[in-house]
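The values are calculated or read from the model by the stated rules, or taken from the named source; none is laboratory data. As the structure is a computational prediction, the values presented were derived from the model and not from experiment. Don't worry about glycine lacking a Cβ; one is built from the backbone with ideal geometry, like all the others, and counts go over all protein chains shown.
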Amino acid sequence: MMPKQAASGRIPHIDAHHHLWCYRQEEFAWIDDASSALRRDFAVCDLLHAMDLASIDTAIAVQARESLEETRWLLQTASEHPRICAVVGWVPLADRDLPHLLDSFHNCQTLAGFRVIAQDQAAGYFDQSALNNGMRVLTAFNYSFDLLVRAHQLTEAIRLVDRHPRQSFVLDHAAKPPIHAGRLEPWKSQLLALAERPNVVCKLSGLATEAGCRQPFTSSSLRPYLDVCVQAFGCERLLAGSDWPVCLLATTYEHWWSMLREYFVSFSPGEQAAMFGGNAARAYSRSTALCSLAGRA
């Protein structure tokens, strides 16, 4: 089902990155004691309430566990809730049976791409031949791939992107810059280098957590990093996302969107429309719910 056009005919504001989960401790080992507020269920009703407060029209669900069970659950959830307009799931990318597995998702109209949790992997993870073979399969099936990496992994991410120039890549959380430390380099230089590859777009998501998970979060602390992202990708390759519910460790859903809108208030209406919705519709246009929006953006 197509997401409804937003008021006044504008492209809907799309949250390009959020999660849903039924919390089970053994499956969420990354939620440590400092993040204990996340140790509960986060359901569609919670998300939709937050979206209404922030005037967000539709949202893209992204995997939080490396589990086919979760991928199928997210797809089922999206089929029942039209405001979940696309799903970025997980598949075993290095599995020899990947083509057959992707064939099994053929009729999943909201499935737009896949992601693996690479941010805590050892050096050389993206250099594995089996993983690169799997990436070629994703390219053949026309799925996007979300890059979940930390700042120190950007050079490795660049190597991956260079091996797959026809693959569409989406960089999550701007590669988690060291905002809490107040440093720009070497993240800035490496992000600019990655942005030279035209098949990469970047999500402005997860930055509040990098800035203030364990200290007060202020919009001024984010501004230099947002400036770099705009310099690197321009408004035509930036996607706005929340990383809800993880963002709640640092700020509220509504405040995050208010801060982003304040930062971009001086940009042209076309630039804002692209960044807050049109770019996400294009990046994830394999979802039929976003395909026609991509054509209008």
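Descriptive notes on the structure:
- Scope region 122-137; condition at pLDDT 95 or above and closer than 22 Å to Ala174 by Cβ; matching residues: Tyr125, Phe126, Met135
- Members of region 283-295 found to be surrounded by fewer than 21 Cβ atoms within 10 Å (Cβ to Cβ) and either in contact with a strand residue (DSSP E or B) (Cβ under 7 Å, 6 or more places away or on another chain) or within 18 Å of Lys203 (Cα to Cα) (or both), listed by number: Arg286, Ala294
- Taking first residues from region 82-103 that are closer than 16 Å to Val170 by Cα and partners that are modelled with pLDDT under 95 and surrounded by fewer than 21 Cβ atoms within 10 Å (Cβ to Cβ), the Cβ contacts under 6 Å between residues at least 6 apart in sequence or on separate chains come to Trp90/Glu66.
- Only one entry of Ala78, Ala37, Ala59 meets the criterion of being surrounded by fewer than 19 Cβ atoms within 10 Å (Cβ to Cβ) and touching a residue at least 12 places away in the same chain (Cβ under 8 Å), and that entry is Ala37.
- Of the strands (runs of 3 or more DSSP E) lying entirely inside region 1-111, the ones with 1 or more residues being small (Gly, Ala, Ser) and farther than 30 Å from Asp127 by Cα are found at 58-62.
- Subset of region 117-153 [assigned to a helix (DSSP H, G or I) and not aliphatic (A, V, I, L, M)]: Tyr125, Phe126, Asp127, Ser129, Asn132, Asn133, Gly134, Arg136, Thr139, Phe141, His152, Gln153
- Residue match in region 28-51 (condition: in contact with a Pro (Cβ under 7 Å, 6 or more places away or on another chain) and at pLDDT 95 or above): no
- No other residue among Val201, Val170, Val161 is assigned to a helix (DSSP H, G or I), crowded, with 19+ Cβ neighbours inside 10 Å and β-branched (Val, Ile, Thr) apart from Val161.
- Only residues that are assigned to a helix (DSSP H, G or I), of a type outside the set (A, V, I, L, M, F, W, C) and touching a residue at least 40 places away in the same chain (Cβ under 8 Å) were counted in region 173-198, giving 2.
- Among the residues of region 104-144, the ones that are β-branched (Val, Ile, Thr) and either touching a residue at least 40 places away in the same chain (Cβ under 8 Å) or more than 25 Å from Cys291 (Cβ to Cβ) (or both) come to 3 in all.
- Every residue from region 259-279 that is among the hydrophobic types (A, V, I, L, M, F, W, C), over 20 Å from Gly206 (Cα atoms) and touching a residue at least 24 places away in the same chain (Cβ under 8 Å): Phe267, Ala273
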